[in-house]
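Down below is the structure, laid out as structure tokens.
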Amino acid sequence: FVAAKDVVEIMMRLMKSEIHRERFILNAEDWSYQKFLFQIADLLGKKRPYIRALPWMTELFWRLEAIRALFINHTPLISRETARVANRTCQFNAAKIKTSTGFEFTPLIKCMEETTEKFKEDVAAGKIK
């Protein structure tokens, strides 16, 4: 998880640097999907998700979603990769990009607070239903 503005800033720094042919992991903090979804619900004043998506459920859902998307000519809401990663514990380390550029990521909670406030404003203004 990382703020989009952080990604842009890092890309700009890398383009201006002498760093070439390198790969980096961009990860502000190592959160679980559960923590991320709970935080969104809390910030929006909504009920936290309460049904645990077991591996067999996500495997079934991504397949059904792929079929549905095919019929309505739309991008699936969930991919095979997303479904599988959601049921794993993965840790990502952004130490290399921090060391290479000196960049400090925006805390996820700050980014989420700004994003949810903008979302609420847009809903109130009728820009989003």
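Is one or more of the residues making up the range 110-118 at pLDDT 95 or above, over 26 Å from Lys46 (Cα atoms) and either part of a helix (DSSP H, G or I) or aromatic (Phe, Trp, Tyr) (or both)? Checking the range 110-118: not a single residue is at pLDDT 95 or above, over 26 Å from Lys46 (Cα atoms) and either part of a helix (DSSP H, G or I) or aromatic (Phe, Trp, Tyr) (or both).
Here is a yes/no grid of residues against (1) touching a Ser or Thr at 6+ places or on another chain (Cβ under 8 Å); (2) within 28 Å of Glu121 (Cα to Cα); (3) without any contact (Cβ under 8 Å) to a residue 60 or more places away in the chain; (4) aliphatic (A, V, I, L, M):
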| site | (1), (2), (3), (4) |
| --- | --- |
| Met11 | no, no, yes, yes |
| Leu14 | yes, no, no, yes |
| Glu22 | yes, no, no, no |
| Gln34 | no, yes, yes, no |
| Gln39 | no, yes, no, no |
| Leu44 | yes, yes, no, yes |
| Glu59 | no, no, yes, no |
| Ile67 | no, no, yes, yes |
| Ala95 | no, no, yes, yes |
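Note on the range 111-128: residues that are surrounded by fewer than 13 Cβ atoms within 10 Å (Cβ to Cβ) and within 14 Å of the chain's Cα centre (by Cα) amount to 0.
Here is a yes/no grid of residues against (1) surrounded by 10 or more Cβ atoms within 10 Å (Cβ to Cβ); (2) touching an Asp or Glu at 6+ places or on another chain (Cβ under 7 Å):
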{"site": "Ala41", "(1), (2)": "yes, no"}
{"site": "Gly45", "(1), (2)": "no, no"}
{"site": "Leu60", "(1), (2)": "yes, no"}
{"site": "Leu77", "(1), (2)": "yes, yes"}
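Considering Ile51, Ile25, Ile67, the condition of being in contact with a Phe, Trp or Tyr (Cβ under 7 Å, 6 or more places away or on another chain) and open to solvent by 70 Å² or more (accessible area, probe 1.4 Å) is satisfied by Ile25 alone.
The values are calculated or read from the model by the stated rules, or taken from the named source; none is laboratory data. Remember, predicted model here, so these are calculated numbers, not experimental data. Glycine gets a Cβ as well: all are built from the backbone with ideal geometry, and neighbour counts include every protein chain shown. With ligands, DNA and RNA removed, areas are computed over all heavy atoms of the protein, side chains included. Shrake-Rupley method; radii C 1.70, N 1.55, O 1.52, S 1.80 Å.
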